[in-house]
Amino acid sequence: MPAGKPGMGDEMGNERNALLDGNGMTESEFLASYDIAKYPQPSITVDNVIFTVEDNDLRVLLIKRGGHPYLGSWALPGGFMAIDESTDEAVRREIREETALDLDGRLDGNSLPLYFEQLRTYSEPGRDPRGRIVSCAYMTLVGNEVASLIKAGDDASDAAWFSVSGEVGRDLVLVQVCDEDGTEEPAVLLGDDGDRLAFDHEVILSDAISRLRAKIDYSCIGFAFQDDEFTVTELRHVYEAVSGRHHDAGNFMRFFTKMLLGRGIVREADKRQTKGRPAKTYFFDGRAYDEIIR
């Protein structure tokens, strides 16, 4: 653009500034006199529901709060958004600080595929005892390789995976996944006798489970739980763990062959030794999937 020639943004700004409001003020005059402190300003937090599937089991990551309010209670990882951040930037920073997980695709220096999406906004008055606080919640899906490396960060006293079972709104139960040595008593949350989650995180978690279970039936979101190459059986176990339903092996193979392999969404990779004979492995072709859904 030649020097001295106004850009489109300048032209639009000049046009707006030529308009007068009911008080006879231009936009520049209005903004110069505007006092945002006259209006209540709620704080913004971000919370993240992080899921994985391991041993045919759907699991969610929780952190134990290291400070008030809800000191010692289990909660979703998250925190306050800074004034110079977007919610996407805030959720990346908070998860990195609380779990060492980097949502940009790195964990402890390793480049790993991650999937996350915005879930919804929670703004009920009284949801946080500290004041008027609105939360923007996210849902993140990670494979076993990522899940095994997650640890508690500086802002949490502990981080642990919890096995998810039951139905949303009725008998949802979370049982802590503990080390095999049996030295730690697993925590049981929700259900009839279990402790509750901090804040309104039970509502956020229930919404995330409902979203995940719905999307497993109409999208390729299940591939986010796979680490690189996978077998058909491993993929079927992901679908079963997420949906909570048994999938007949023959019917699932027909679905896999026709809807996924046949359309190029998955491609053959190599063979891997399993408990029985070597099994074919596959990988997800994200580009092919993007082309199909356009």
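Only the coordinates and a few stated rules stand behind these numbers; no lab work does. Worth saying up front: this structure is predicted, and the values here are computed from it rather than measured. Glycine also receives a Cβ, built like all others from the backbone with ideal geometry; neighbour counts cover every protein chain displayed.
Shape verdict for region 218-293, please, from the Cα gyration tensor: rounded (a/c under 1.5), prolate (a/b greater than b/c) or oblate.
The shape class here is oblate.
Run the dipole for region 218-293 about the Cα centre, Lys and Arg Cβ at +1, Asp and Glu Cβ at -1, nothing else charged, and hand back the magnitude in debye, nearest 20.
Rounded to the nearest 20 debye, it is 360 debye.
Mind giving me the nanometre distance, one decimal, between the label points for Ala214 and Val168, set 7 Å out from Cα along Cα→Cβ?
Computed distance between label sites Ala214 and Val168 equals 0.7 nm.
Taking the Cα-to-Cβ direction at Ala279 and at Tyr115 and moving 7 Å from each Cα, how far apart do the two end points lie in nm?
Output for this residue pair reads 1.9 nm.
With the radius of gyration and the Kirkwood radius both derived from the Cα set of region 126-270, what is their ratio Rg to Rh?
That ratio equals 1.01.
Relative to the Cα centre, what is the charge dipole magnitude of the chain, using +1 at the beta carbon of each Lys and Arg, -1 at the beta carbon of each Asp and Glu, and rounding to the nearest 20 debye?
Taking the Cα centre of the chain as origin, the dipole is about 1140 debye.
Translational D (Stokes-Einstein, µm²/s) of the chain at 20 °C and 1.002 mPa s when Rh comes from the Kirkwood sum over C-alpha pairs?
Estimated diffusion coefficient is 97 µm²/s.
In whole Hz and in residue order, list the ³J(HN,Hα) couplings for region 40-55 that follow from phi through the Karplus curve 6.51 cos²θ - 1.76 cosθ + 1.60, θ = phi - 60°; x for Gly and Pro.
Taking θ as phi minus 60°, the curve returns x, 10, x, 7, 10, 10, 10, 10, 10, 9, 9, 10, 9, 10, 9, 6 Hz for region 40-55.
Based on the Cα coordinates of region 43-215, what is the per residue volume of their convex hull in Å³?
125
Considering only C-alpha atoms, what is the centroid distance from region 111-150 to region 16-82, in Å?
Distance between centres, Cα-based: 12 Å.
Which residue fluctuates most in the GNM of the chain (Cα springs below 10 Å): Glu240, Glu27, Glu85?
Glu27
For Ile36 and Glu89, what is the calculated FRET efficiency with R₀ set at 22 Å and r taken between the beta-carbons, to the nearest 0.05?
The calculated FRET efficiency here is 0.50.
Working out 0.36 nm times the residue gap between Leu20 and Met259, then minus their Cα-Cα distance, what length gain in nm do you get to one decimal?
80.2 nm
Give the residue from Gly143, Ala32, Phe199 lying farthest towards the positive end of the charge dipole for the chain; charges sit on Cβ (+1 for Lys and Arg, -1 for Asp and Glu) and the dipole is referred to the Cα centre.
Toward the positive end, the furthest listed residue is Gly143.
For the chain, what does the helix formula give at 222 nm: sum of -39500 (n - 2.57) over DSSP H segments with n ≥ 4, over the residue count, nearest 500 deg cm²/dmol?
-8000 deg cm²/dmol
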